[in-house]
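These notes concern the structure reproduced below.
The values are calculated or read from the model by the stated rules, or taken from the named source; none is laboratory data. All figures in this text were calculated on a predicted structure; none of them were measured in a lab. Note that we place each Cβ from the backbone using ideal geometry, even for glycine, and neighbour counts take in every protein chain shown. The area values use the complete protein model at the heavy-atom level, side chains included, leaving out ligands, DNA and RNA. Shrake-Rupley method; radii C 1.70, N 1.55, O 1.52, S 1.80 Å.
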Amino acid sequence: MTDLRSLRSDFPILGREVNGKPLVYLDSAATTQKPRSVLDAMDAYYERHNANVHRGAHTLAGEATEMYENARSKVAAFIGTSAAQVAFTRGTTTSINHIAYGWGLNHLSEGDQIVVTISEHHANLVPWQLITKYTGAELVYLELDDDFIVDTSDIDRVITDKVKVVAFSGMSNVTGAIGPVAELSRAAATVGAITVLDGAQLVPHTPVAADDLGVDFMAFSAHKMLGPTGVGALWGRPERLEELEPTEGGGEMINVVERFHSTWAPVPHKFEAGTPPIAEAVGFGAAVDYLSNIGMDRVMEHERDVTAYALERLSEVPDLTIYGPKDITKRGGAVSFALGDIHPHDLATILDQDGIAIRAGHHCARPLMKYLDVAATARASFYLYNVPEEVDALVASLMTARKVFGLD
Ligand code: 7TS
């Protein structure tokens, strides 16, 4: 097993106790913990350089602008693209809303279709539902195969020339399944539809070269990849970013403002209305530095090892059902499960007594819960700082829960 154990000391929070037990943090799909270097970068920004960006000629304003733009370059390099193709947003949700409104409202009308998958997070569903209300376009769903992977066997029947948008996630936050990015991009390109990739779980966990994915737009969040909350990115092909209308107006995003009309600042600034999350962007830059220093190949390999170990150990727990692919090459480190008829919230509460943080609920994927015919699942999710002993602690605690709820 790849051993990234030594980096645990970079994460101050991993040293704390919960309910008298060492914290076992298995909720990184919701948000990840932050290394000292990210916290320090944000502190240094506030302590030495704080000013608003892109305005004012004073020294601090220049330094803040340089730090903010430098962070953009780092995030762009991390996904193998140019800084001009990365707009900072509040996160994945905001990025997808920019695309749905900025592109959808201007290109969709009655008779058009938007294809999504049944495993989408609400962030990649609800904005499209709103757009159908405004434009008359309709939503069409792709479903899953027996291994919880998006079923592409019938895509040429689903993706016809009525389809103008294909929106899908690169990795499910519930099942962990990796999305069929290449197949869906190819099918969309054949009918001239645009592709929108929800990269919230893909970008933090695998090496990603945005320009080579074959998609038109991609969204991701800093807080799921060691960075702070409140910032994320919208990536697009240059020609798509040009045709994407801004959906928020205000300062910073304009070129000329007249009484009755305005013109926009160049891409990507036309998407960044108002004072942006400056310290957060700096923290995002420090987070991608941290990940790049380790190498995303190693991050992915480590997570695969820990997840494979978890799938093996969880299979020893009687009455436990896993909702996700068994093939480790087809999935990431989000592992959803049920234990007998114990309610996931009760399970999470018992585990918390042992210092173990998992998530229980619908994971903002209600259509998927209905499709799986469950009200909720329990979910353990792994990242680069998790170690096999934490999987052992999870399994031991699940065995205790079996006793508490009379399954033994
Ligand atoms: N898409 C996916 C696949 C996600 O996992 C999430 C957040 C989002 C979009 C939204 O990201 P945000 O940063 O804009 O909120 N997923 C989760 C989760 O699984 N538990 O809490 C948040």
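Check off (1) away from the ligand (no atom under 16 Å from the Cβ); (2) within 24 Å of Phe337 (Cα to Cα) for Val115 and give me the number that stays unchecked.
(2)
Could you check, for the stretch 338-346, whether at least one of its residues is within 16 Å of the ligand (Cβ to nearest atom) and touching a residue at least 40 places away in the same chain (Cβ under 8 Å)?
No, that holds for no residue.
Is it the case that Tyr25 is more than 16 Å from the ligand (Cβ to nearest atom) and among the hydroxyl-bearing types (Ser, Thr, Tyr)?
Criteria not met by Tyr25.
Can we say Arg16 is over 30 Å from Glu239 (Cα atoms), more than 16 Å from the ligand (Cβ to nearest atom), charged (D, E, K, R) and more than 24 Å from the chain's Cα centre (by Cα)?
Criteria met by Arg16.
From the set of residues in the stretch 202-239 that are open to solvent by 30 Å² or more (accessible area, probe 1.4 Å) and on the phi > 0 side of the Ramachandran plot, which is farthest from the ligand (Cβ to nearest atom)?
Filtering first and then ranking leaves Gly214.
What number of residues within the stretch 300-337 satisfy the criterion of being open to solvent by 20 Å² or more (accessible area, probe 1.4 Å) and either in contact (Cβ under 8 Å) with a residue 60 or more places away in the chain or closer than 12 Å to Ala378 by Cβ (or both)?
15
Here is a check on your reading of the model: is Asn106 touching a strand residue (DSSP E or B) at 6+ places or on another chain (Cβ under 8 Å) and not small (Gly, Ala, Ser)?
no
Only one residue in Arg313, Arg359 is modelled with pLDDT of 95 or more, within 13 Å of the ligand (Cβ to nearest atom) and of a type in the set (D, E, K, R). Which one?
Only one candidate qualifies: Arg359.
Conditions (1) open to solvent by 10 Å² or more (accessible area, probe 1.4 Å); (2) without any contact (Cβ under 8 Å) to a residue 24 or more places away in the chain; (3) farther than 25 Å from Ile149 by Cβ; (4) not hydrophobic (A, V, I, L, M, F, W, C), marked per residue:
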| position | (1), (2), (3), (4) |
| --- | --- |
| Lys74 | yes, no, yes, yes |
| Phe78 | yes, no, yes, no |
| His107 | yes, no, yes, yes |
| Thr117 | no, no, no, yes |
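Output yes when any residue across the stretch 216-235 is under 27 Å from Ser172 (Cβ atoms) and more than 16 Å from the chain's Cα centre (by Cα), and no when none is.
Yes, the stretch 216-235 has at least one match.
How many residues does the stretch 368-384 contain that are within 18 Å of the chain's Cα centre (by Cα) and either more than 11 Å from the ligand (Cβ to nearest atom) or outside any strand (DSSP E or B) (or both)?
5
Counting only residues that are free of Cβ contacts under 8 Å to residues at least 60 places away in the same chain and either open to solvent by 50 Å² or more (accessible area, probe 1.4 Å) or of a type in the set (Lys, Arg) (or both), how many does the stretch 274-299 have?
The total comes to 1.
Just one of Ala281, Ala308, Ala273, Ala365 is of a type outside the set (Phe, Trp, Tyr), in the same structural domain as Tyr45 (by TED's automatic domain parsing) and out of contact with any strand residue (DSSP E or B) (no Cβ under 6 Å at 6 or more places or on another chain); which is it?
Residue meeting the stated conditions: Ala273.
Could we say that Leu197 is of a type outside the set (S, T, N, Q), within 11 Å of the ligand (Cβ to nearest atom) and open to solvent by 10 Å² or more (accessible area, probe 1.4 Å) here?
No; evaluated as a whole, the condition is false for this residue.
Can you name the condition, by its number, that Tyr25 falls short on among (1) out of contact with any strand residue (DSSP E or B) (no Cβ under 7 Å at 6 or more places or on another chain); (2) within 24 Å of Thr307 (Cβ to Cβ)?
Every condition holds for Tyr25 apart from (1).
Without any contact (Cβ under 8 Å) to a residue 24 or more places away in the chain and on the phi < 0 side of the Ramachandran plot - does that describe any residue in the stretch 21-41?
The answer is no; no qualifying residue exists.
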